[in-house]
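> Quick one: the structure is below, and I'll ask about it shortly.
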Amino acid sequence: MDIKITLEGLLSVIDSSKALTVNLYQQGLDEKVGDLLLISFGLPGYDCLDDFLLDDEVTKIVIKSVNAIDVTIDTSLNA
């Protein structure tokens, strides 16, 4: 069973007492291209993102430090 998490679903449940930076990446089309950085933002500011990004499925989360995470989303349905 695959569990699918939307970007909005993930960001809405994160609770941190420290400022948290989110680096949002678009999933690469293949391994050679890699992931593309779309935007970096402070966690309270995620509600300023376009709705079509918030509806995208999260494919990877990397905790970079106590105040930064990398989130990769699948944007293939946004065309």
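> Residue 41 versus residue 63, label points 7 Å from Cα toward the beta carbon: distance in nm?
Label at residue 41, label at residue 63, 2.3 nm between them.
> Let me ask another. Figure the gain on full extension for residue 74 and residue 18 (residue separation times 0.36 nm, minus the Cα-Cα span) and round it to one decimal in nm.
Values: separation 56, 0.36 × 56 = 20.16 nm, distance 2.75 nm.
That pair, residue 74 and residue 18, stretches by 17.4 nm at full extension.
> With +1 assigned to the C-beta of every Lys and Arg and -1 to the C-beta of every Asp and Glu, and no other charges, what is the dipole magnitude of the chain about the Cα centre in debye, to the nearest 20?
Dipole of the chain, to the nearest 20 debye: 400 debye.
> Most fluctuating residue of 53, 36, 11 in a GNM of the chain with Cα springs under 10 Å: which is it?
Sorting by GNM fluctuation, first place goes to 36.
Each reported figure results from applying straightforward, stated rules to the coordinates on display, with no laboratory input. Because the structure is predicted, anything quoted here is derived from the model rather than measured. Note that we place each Cβ from the backbone using ideal geometry, even for glycine, and neighbour counts take in every protein chain shown.
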